[in-house]
Each structure stands twice: as structure tokens, then as C-alpha cells.
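Colleague: The structure follows.
The values are calculated or read from the model by the stated rules, or taken from the named source; none is laboratory data. Small disclaimer: the values here were computed from a predicted structure and weren't measured. Note that we place each Cβ from the backbone using ideal geometry, even for glycine, and neighbour counts take in every protein chain shown.
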Amino acid sequence: MRKKLESQMEQQLKTSALGLHGFLGRPEDFSYFKKRFAESQCQLLTPSLFSKSPSGESLRDEAKSLFLEHSSFHGDSRYLLGYSYGGRLAIEILLQNPEFFSKAVLVSTGFGFSDSANRILRANQDEEWAKLFEHAAWEKCLTKWAAQELWQSGDNPWPGPRDESLFQRARLAEALRLRGQASSAFQIPRLSKILCPVLLVVGGDDQKYLAQAELAAHQLANVELCVISGASHRVCFSHPELVFSAIEEFLFS
């Protein structure tokens, strides 16, 4: 009965959005945003990206599969939200379906590498991470992941527990090898092909991703850039109210 009521409530929502989490992320990471989206009469769909078996897909192929699986949207307005790894997937979905989405939001999104030296360096690093997730104790994986330079500036809280049972290790390793920034095409030159308005959200202390967001803003035809002062890479979890305020004004005003 409860599921039936929830389904009926979802049918009554006026708009829908697809939310894609980051690497080592879970659908529950977007719990706050699901609630706030619902208050704005929008259903936020949040598929799990790392609980399935390996697929052998590239980033573009995973984007295609995700869209086919989750493209049954309610209402006339359809939105796309991607955080970090999920942001790169969102870009591929937008490029493959240029007229489907009304607006898109990309949070803390990297766009890959334009030069071979940095690409090779990142590929080697991703291979080491892939081996770690395949073979090391789970707590060691999480500890080493949290010790990266990316998380050392500003407040970067985990949005919830990262229990091993919620993930497929082989899927995580595969994502690093086949769908990481080193193994996927540099996305910034293709951003001009995205037709819908895009909101870029990034933490002011997330210097690497802030620089990429500024480059991306010059390529997108219809773009807004929101920089959250004092925030770092996990800006949507350290400053959820400010992030949603920017999203709400962009999507629903």
C-alpha cells in the first residue's frame, strides 16, 4: 500500500529529473535533494551506478544505457543533474539526446584532459586505484581515497556510510579503467553542442574543478556559473542548502 501511495504521489509531480551521483556514490547521497525537489513538484530519479555487475561499457555507452533505462519522465519539463563522475555521464547523455532535457545542472564536474602527458599520468593512477579496489581491504580503500589531495581543502564530508555490501568492487575498478577522465574523450570542445541551459556549480576552494568550470562556461551556449565560497569538491554535501538554492532558482523560478 505504501509503495502504491508513493507511486501515485510521483505521478502527481509536475516535472522529473535524473540525478547521477559520483564515484563511490550511492542514490541515498541525494536524499536531501530528493526531498527538496519533491517540494518543488519534481521527482528526482537517482539510479545506483556501482551496485551492478561490470558492463564493459565506455562512458558514452554507459550514458546511452542509463538514458534508455531511465528516460520515462513525467511532465513536460525534464531535468538532468550530475555530480562529479555523474556530471561527466550527464554531459554524454546531453550530447546524445540534445533536445530531450529542458535544463541541466553539473556539480563539481571534471571534463578530462586535453594533453597526452596528464592523460597518461592519470591513466596510471587510475590503474593503481582499480587494483586497490579489486584486492585491498575495503577500509584501506576508503582511507586512501579520503587521503587524496582533492579532499584536503575545505569541508568534504562523506554524505553517508560507504558499506562494502552496497558496491560491486569490479564495477568500481571497471569505471576507473574504462570510464575515467583518462580513458574518455576530452569533453570541453564538445560542450558547444549542448542545446539546453546549463548551471555549473563548483566550490570556491576546489581550484582544479573551478578552473575547468570556467573553461566550460566559455563553451556552453546558455550557461550560469555558481561558485560556492568556502566549499570544496563535495560542495553539494557540505553546503546542500546553498547548492539547492542555486538549483531551485535555475530550474524552477
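Colleague: Among the residues of the range 137-162, count how many are free of Cβ contacts under 8 Å to residues at least 24 places away in the same chain, assigned to a loop (DSSP other than H, G, I, E, B) and surrounded by 15 or more Cβ atoms within 10 Å (Cβ to Cβ).
Modeller: Total satisfying the criteria: 0.
Colleague: Do we find a residue being small (Gly, Ala, Ser), crowded, with 21+ Cβ neighbours inside 10 Å and either under 24 Å from residue 169 (Cβ atoms) or touching a helix residue (DSSP H, G or I) at 6+ places or on another chain (Cβ under 8 Å) (or both) anywhere in the range 65-73? Write out each step before concluding.
Modeller: From the range 65-73, those small (Gly, Ala, Ser) are 65, 71-72; that's our starting set.
Now drop any that are not crowded, with 21+ Cβ neighbours inside 10 Å, which leaves none.
No, the range 65-73 contains no residue that is small (Gly, Ala, Ser), crowded, with 21+ Cβ neighbours inside 10 Å and either under 24 Å from residue 169 (Cβ atoms) or touching a helix residue (DSSP H, G or I) at 6+ places or on another chain (Cβ under 8 Å) (or both).
Colleague: Exactly one condition in (1) out of contact with any strand residue (DSSP E or B) (no Cβ under 9 Å at 6 or more places or on another chain); (2) in contact (Cβ under 8 Å) with a residue 24 or more places away in the chain; (3) hydroxyl-bearing (Ser, Thr, Tyr) is not met by residue 109; state its number.
Modeller: Just one mismatch for residue 109, condition (1).
Colleague: Applying the selection to the range 163-186, what residues are part of a loop (DSSP other than H, G, I, E, B) and either over 18 Å from residue 137 (Cα atoms) or modelled with pLDDT under 95 (or both)? Let's see the steps before the verdict.
Modeller: So in the range 163-186, the residues part of a loop (DSSP other than H, G, I, E, B) come out as 163, 167-168, 179-186.
Correct list: 179, 180, 181, 182, 183, 184, 185, 186.
Colleague: Checking residue 165 against (1) touching a helix residue (DSSP H, G or I) at 6+ places or on another chain (Cβ under 8 Å); (2) under 23 Å from residue 62 (Cβ atoms); (3) surrounded by fewer than 17 Cβ atoms within 10 Å (Cβ to Cβ), only one condition comes out false. Which one?
Modeller: Here residue 165 meets the rest and fails (1).
Colleague: Output yes when any residue across the range 96-110 is assigned to a helix (DSSP H, G or I) and either over 29 Å from residue 189 (Cα atoms) or in contact with a helix residue (DSSP H, G or I) (Cβ under 9 Å, 6 or more places away or on another chain) (or both), and no when none is. Explain how you work it out, then say what you get.
Modeller: First pass over the range 96-110, keeping only residues assigned to a helix (DSSP H, G or I): 96.
Still in the running and either over 29 Å from residue 189 (Cα atoms) or in contact with a helix residue (DSSP H, G or I) (Cβ under 9 Å, 6 or more places away or on another chain) (or both): 96.
Yes.
Colleague: Then there's this: Could you tell me whether any residue of the range 38-59 is part of a loop (DSSP other than H, G, I, E, B), small (Gly, Ala, Ser), on the phi > 0 side of the Ramachandran plot and at pLDDT 95 or above? Steps first, please.
Modeller: Our first condition is that a residue be part of a loop (DSSP other than H, G, I, E, B); within the range 38-59, this holds for 40-41, 46-58.
Among the residues that remain, those that are also small (Gly, Ala, Ser) are: 40, 48, 51, 53, 55-56, 58.
Next, only the ones that are on the phi > 0 side of the Ramachandran plot stay: 56.
So of that shortlist, the ones also at pLDDT 95 or above come out as 56.
Yes, that holds for at least one residue.
Colleague: A further question on this structure: From the set of residues in the range 23-33 that are surrounded by fewer than 19 Cβ atoms within 10 Å (Cβ to Cβ) and assigned to a helix (DSSP H, G or I), which is nearest to the chain's Cα centre (by Cα)? Explain how you work it out, then say what you get.
Modeller: Of the residues in the range 23-33, the ones surrounded by fewer than 19 Cβ atoms within 10 Å (Cβ to Cβ) are 23, 27-28, 31-32.
Then keep just the ones that are assigned to a helix (DSSP H, G or I); that gives 27-28, 31-32.
Numbers: 27: 11, 28: 13, 31: 14, 32: 15 Å.
Top of the filtered list is 27.
Colleague: To continue, here is another question. Quick one: how many residues across the range 227-253 are closer than 24 Å to residue 26 by Cα, surrounded by 15 or more Cβ atoms within 10 Å (Cβ to Cβ) and not aromatic (Phe, Trp, Tyr)? Outline the logic, then answer.
Modeller: Let us first name the residues in the range 227-253 that are closer than 24 Å to residue 26 by Cα, namely 228, 231-248, 251.
Those left that are additionally surrounded by 15 or more Cβ atoms within 10 Å (Cβ to Cβ): 228, 231-240, 242-244, 246-248, 251.
Next, only the ones that are not aromatic (Phe, Trp, Tyr) stay: 228, 231-236, 238-240, 242-243, 246-248, 251.
The total comes to 16.
Colleague: Return the only residue of 90, 63, 123 being touching an Asp or Glu at 6+ places or on another chain (Cβ under 7 Å) and part of a helix (DSSP H, G or I). Lay out the reasoning, then the answer.
Modeller: On the way: 90 fails: touching an Asp or Glu at 6+ places or on another chain (Cβ under 7 Å); 123 fails: touching an Asp or Glu at 6+ places or on another chain (Cβ under 7 Å).
Of 90, 63, 123, the one residue that is touching an Asp or Glu at 6+ places or on another chain (Cβ under 7 Å) and part of a helix (DSSP H, G or I) is 63.
Colleague: Of the conditions (1) under 19 Å from the mean Cα position of the chain (by Cα); (2) within 20 Å of residue 49 (Cα to Cα); (3) not aromatic (Phe, Trp, Tyr), residue 156 clears all except one; give me its number.
Modeller: For residue 156, the failing item is (2).
Colleague: Looking at this structure, is residue 233 touching a Gly at 6+ places or on another chain (Cβ under 7 Å) and either at pLDDT 95 or above or of a type in the set (Val, Ile, Thr) (or both)? Break it down into steps so the answer makes sense when it comes.
Modeller: Numbers: touching a Gly at 6+ places or on another chain (Cβ under 7 Å): yes; either at pLDDT 95 or above or of a type in the set (Val, Ile, Thr) (or both): yes.
Against the criterion (touching a Gly at 6+ places or on another chain (Cβ under 7 Å) and either at pLDDT 95 or above or of a type in the set (Val, Ile, Thr) (or both)), residue 233 qualifies.
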